[in-house]
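Have a look at the structure below, then the notes.
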Amino acid sequence: MTLNHIICGESAQVLSKYKSECIDLLVTDPSYLVRNKDRFGRTIANDDSPEAVLSLFDQLYRVLKPNNYCTSFYGWNAIAEFSEAWKKAGFKTVGQIFWMKSYASRKGHTRY
């Protein structure tokens, strides 16, 4: 049995290797679906592809043991899409955590 194991990789490939209901806790930081582009013009894979990102929650739910937690980061402006994907996969939202950044990652209508 592996304890406290951090797995970094392409989610679809990694998740396919695990049997159902075998993981106690999931923490995932997928693309936020905000079409991010940094000051050098770099983008993030699948950040403009909801299907590529949101479809993985079915697999996350599959590998998570019953009555355990999945913590997911998401882009605030895509919360409706993320929330729908979580519900569709079988997850129930039990809380959200927000924190203020010490810098503005983007300037739009407001600094956020």
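The values are calculated or read from the model by the stated rules, or taken from the named source; none is laboratory data. The structure presented is a predicted model; accordingly, all values stated were derived computationally and were not measured. Glycine also receives a Cβ, built like all others from the backbone with ideal geometry; neighbour counts cover every protein chain displayed. All accessible areas refer to the heavy atoms of the entire protein, side chains included, with ligands and DNA or RNA removed. Shrake-Rupley method; radii C 1.70, N 1.55, O 1.52, S 1.80 Å.
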- Can you name the residue in segment 51-68 that is in contact (Cβ under 8 Å) with a residue 40 or more places away in the chain and of a type in the set (A, V, I, L, M) and is also most open to solvent (accessible area, probe 1.4 Å) among such residues? L56
- For residues that are among the hydroxyl-bearing types (S, T, Y) and more than 23 Å from A78 (Cβ to Cβ), scanning just segment 1-20, find the one that is most open to solvent (accessible area, probe 1.4 Å). T2
- Query: What do you reckon, is T93 open to solvent by 50 Å² or more (accessible area, probe 1.4 Å) and not in a loop (DSSP other than H, G, I, E, B)?
  - Reply: no
- Task: Mind counting the residues in segment 37-51 that are touching a strand residue (DSSP E or B) at 6+ places or on another chain (Cβ under 7 Å) and at pLDDT 85 or above?
- Result: 1
- Note on the structure: Exactly one of W76, W86, W99 is over 24 Å from V14 (Cα atoms) and touching a residue at least 12 places away in the same chain (Cβ under 8 Å), and that residue is W76
- Message: When the residues of segment 21-36 are narrowed to those that are touching a strand residue (DSSP E or B) at 6+ places or on another chain (Cβ under 8 Å) and not in a strand (DSSP E or B), which ends up most open to solvent (accessible area, probe 1.4 Å)?
- Response: R35
- Query: So which residues in segment 8-53 are hydrophobic (A, V, I, L, M, F, W, C) and under 14 Å from the mean Cα position of the chain (by Cα), if there are any at all?
  - Reply: C8, A12, L15, L25, L26, V27, L33, V34, I44, A45, A52, V53
